[in-house]
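The structure appears below as structure tokens.
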Amino acid sequence: MPHPTGSWRLAGRAVQVTLTGALLGLVGWSVARRWDEMPGVLDKLSVPGLLLAGLAAVAGGLGGCLAWRAVLADFGAVLPLRGAARIFFVGQLAKYLPGKVWPIVVQARLGQAYGVPGRASAAAALLAMLVTLGTGLLLTAAALPVLGDRAVRDYWWILLAVPPALLLLWPPLVNRLLGALLRLTRREPMPGPLSPRGIAGAVGWSLATWLGYGTHLWLLLVDVGAGGGPELLLGALGAFAGSWSVGFLLAVAPAGLGPREAALPLLLGPTVAGPATLVATVLSRLLLTLVDLLLPAVAITLTSRWSPRLPFRWSSRSPFRSPFRWSSGRLPRQSTPAGSASTTGESAGSATRQS
């Protein structure tokens, strides 16, 4: 007889698979229902438009990496850009596994190779997620009026998420939540709190992330003939942020698959024609998946070719600071005791002269 915990876990997986299948089926049904209109929309696609949308998606991914790096630096661990990219983007591949915890676990494990304490890396990953979610909800609420009266009427409840989103960006509350989580998981507390400067840096890079992803969706919509202009850009930004937030909060499938594809056409529906919205939704998922595969491959290539073990340093105020130093990209080595023989001829000569 299965253990109760295992039974609940199996039931949860069954619910996730069922809901994901239902949501993807809804998107597929919407495409099939308007299939006669699809060829006219697909004929408008261009290679330059797809490339520009892909570049904008890459910019969005880089913004997410820099938001995580800003939080980690505020904890005192200053990673070089290439090393941070390797840890972050390889860790992001784990979001395609069931559950939201895997990217955090993988990033914490990869960070150990650079001397980053596991709790600092995990806390940075968790806080970066919360900041991304908070800014995404705020952008969605701000974009509702641009999406039309119907969007305000049907999705007014998103405005209820504004106060919690603002609280997620308030450092004292974030530090309290982080402390409670560490106690709950029986981990050591963080030696120091997250500062307003660290949160501000993460918020700034998260907004850059949404700008990149929103621009990528806007370029796809323009390429399929949905029009253009700043209103459509703001609408695309808010719609993408809203659909991503829905996919994150529902957590019924890896990488928000299903909920995001179901929510995006609904949010864009009041302002963009149905066929164009559906094509842009499908293309967005395909492009973002390609970007998720491309960025870690590039990061691994850069770190392997030019810097197998990148230099790492702690900031001067780091509570994690250790007596070891990094030099020439090698693993940390304890300082030579005073009075011992030096490893260089110059040092040896200097020691002889002093004696």
For peptides 135-148, 67-80, 218-231, 166-179, sequence by mean Cβ density within 10 Å, most packed first: 67-80, 135-148, 218-231, 166-179
Taking the Cβ of residue 182 as the center, what net charge do the other residues with Cβ under 12 Å away carry, scoring Lys and Arg +1 and Asp and Glu -1? +4
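What's the local net charge at residue 292, with K and R +1, D and E -1, over the other residues with C-beta under 11 Å away?
Values: positive: 95, 285; negative: none.
Charge balance in the 11 Å sphere: +2.
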Calculate one ³J(HN,Hα) per residue across the stretch 234-244 by plugging θ = phi - 60° into the Karplus curve 6.51 cos²θ - 1.76 cosθ + 1.60, and present them in order as whole Hz with x for glycine and proline. 5, x, 5, 4, x, 5, 5, 4, x, 5, 5
How far is it, in nm, from the label point at residue 93 to the one at residue 45 when both lie 7 Å from their Cα along the line to the Cβ? 2.6 nm
Calculated FRET efficiency, residue 81 and residue 157, Cβ-Cβ r, R0 30 Å, to nearest 0.05? 0.15
If you scale each eigenvalue of the Cα gyration tensor by 5 and take the root, what three semi-axes come out for the stretch 210-289, rounded to whole angstrom and sorted largest first? 19, 12, 11
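Around residue 193, what is the net charge, scoring Lys/Arg as +1 and Asp/Glu as -1 over all other residues with Cβ under 11 Å from its Cβ?
Working: positive: 176; negative: 74.
Neighbourhood net charge equals 0.
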Between the stretch 141-157 and the stretch 162-241, what is the separation of their alpha carbon centroids in Å? 20 Å
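I need the Kirkwood Rh of the stretch 111-208: take the reciprocal of the average 1/r across all distinct C-alpha pairs and report it in angstrom. Present the calculation step by step, with values, prior to reporting the outcome.
Details: mean 1/r = 0.0666 Å⁻¹.
One over the average 1/r among Cα pairs gives 15.0 Å for the stretch 111-208.
Read-outs: derived from the displayed coordinates by stated rules, not from any lab. What you are looking at is a predicted structure, and each value in this text was computed from that prediction instead of being measured. Cβ coordinates were reconstructed from backbone atoms using ideal geometry, including for glycine residues, and neighbour counts include every protein chain displayed.
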